[in-house]
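What follows draws every value from the coordinates through simple rules; no lab data is involved. What you are looking at is a predicted structure, and each value in this text was computed from that prediction instead of being measured. All Cβ positions, glycine included, derive from the backbone under ideal geometry; neighbour counts span all protein chains shown.
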């Protein structure tokens, strides 16, 4: 996590300086589109982690792994015409200056190829996660991240184009996929074969997965729809300002998320064994830790965050103070909500929250577009905060306690 925090801090100023606001905004736009494509796994990856982490049976592992992989391959084929449509209509969908259109299309192709590599290799990472071998993936991630950072820094230093940066991303994604496969083959007993595909397992995975998908899709809309709206209605230069400010807030937020995310396999096992009191104790502990760390961390940003941005990327790229503070208020609230959300997902009790997050996401888009007309970037940020307060911010934690207390009462 330290590596993941430091690299953007070092790389972003050079990218903005060398690429300019327009091309860097294009980079963020494509990153956002690819993030949306990533939800096309329909939550099967989360179901895979939950089911495989519960058993040491090799047959079960092979069935779930190969069934999920074949599903991923099918999805990859279905996404091809969607990506072709975006490629052909890129300048019509987003406010891209005509002089950058050809370059933008070439870069988009590289982003899409990188997406396919990462999408398929993500299942290997999920397998390590399910088997409590996440540290191996983290070691590999550190090596790849540092190597990619050095390559991109050198490319930017010598004035290479955004296309070169896209090629570097693709190259290291391929390296990561190959090394991840070799690690998994050595550490986990499994077989990659069509014969392990099972249609019954696929159907069985669909019901819980679709609700994981609702949650993930909604989270994507909540966190990234702003980028799409700004790119379509305001422009790429404004997207750069918006993204840089949110990036400063998201770095400590991701660190907080990691504290609870790594506990998913253990929570699943505890729930399977009906250790409900241990679950609520662990939840409360993580909730308090996340809120305390969030208040101190985001409190620091509230006071010094804009000064940090000015020092980091230059005074001309400092966003409006009110917009930045809205980001911070949302992050503090979301730090606590995320804890309950992860526990519900690991327990498989996420159905109701998936519906609420869909409402959250829909409200976010509607309110943001309406307020955009009056308040610009501040309206978009307020749309995200207001929608969250009205829906997921209170419902998720309330639903966790309702579910877990009902389980405890039944045992009593």
Task: Gyration tensor verdict on segment 116-165 (Cα atoms; rounded if a/c is under 1.5, prolate if a/b is larger than b/c, oblate otherwise) - done: oblate
Task: Mean Cβ count within 10 Å, highest first, over the residues of peptides 337-343, 356-362 - done: 337-343, 356-362
Task: Rg(Cα) / (2.2 N^0.38 Å) computed for the chain, rounded to two decimals - done: 0.99
Task: Size-normalised alpha-carbon gyration radius of segment 233-292, reference 2.2 N^0.38 Å - done: 1.69
TODO: Specify whether the C-alpha gyration tensor of segment 289-412 places it in the rounded, prolate or oblate class, a ≥ b ≥ c being the square roots of the eigenvalues: rounded for a/c under 1.5, otherwise prolate if a/b is larger than b/c and oblate if not.
DONE: oblate
Task: Förster radius 30 Å - calculated FRET efficiency between residue 60 and residue 84 (Cβ-Cβ, nearest 0.05) - done: 0.20
Open item on the list: Which log10 I(q)/I(0) values does segment 183-342 give at q = 0.18 Å⁻¹ under the Debye formula, counting every alpha carbon as one identical point scatterer?
Closed with: -1.15
- [ ] Subtract the Cα-Cα distance of residue 409 and residue 3 from 0.36 nm times their separation in residues, and report this length gain in nm to one decimal.
- [x] 141.7 nm
Open item on the list: Given points 7 Å out from each Cα along the Cα-Cβ axis, report the residue 105 to residue 262 separation in nanometres with one decimal.
Closed with: 4.6
Task: 222 nm mean residue ellipticity, helices alone, for the chain (DSSP H n ≥ 4; -39,500 (n - 2.57); rounded to 500) - done: -30500 deg cm²/dmol
- [ ] Could you check the simple spin-label distance between residue 199 and residue 70, using points 7 Å along Cα→Cβ, in nm with one decimal?
- [x] 0.9
TODO: Report the extension gain between residue 182 and residue 157 in nm, rounded to one decimal, defined as 0.36 nm multiplied by the number of residues separating them, less their alpha carbon distance.
DONE: 5.7 nm
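Over 26 Å apart: what share of the alpha carbon pairs of segment 3-139 falls there, rounded to a whole percent?
On the way: 3650 of 9316 pairs.
When every Cα pair of segment 3-139 is considered, 39 percent fall beyond 26 Å.
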Open item on the list: If you average the alpha carbon positions of segment 360-412 and of segment 52-104, how far apart do those two centres end up, in angstrom?
Closed with: 28
TODO: Go through 141-149, 164-172 and give me the packing order, highest mean Cβ count within 10 Å leading.
DONE: 164-172, 141-149
Task: Part-to-part distance (alpha-carbon centres) for segment 242-269 and segment 110-182, which is given in Å - done: 19
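At R0 = 30 Å, how high is the FRET efficiency between residue 359 and residue 402 if r is their beta carbon distance? Nearest 0.05 is fine.
The formula returns an efficiency of 0.95 here.
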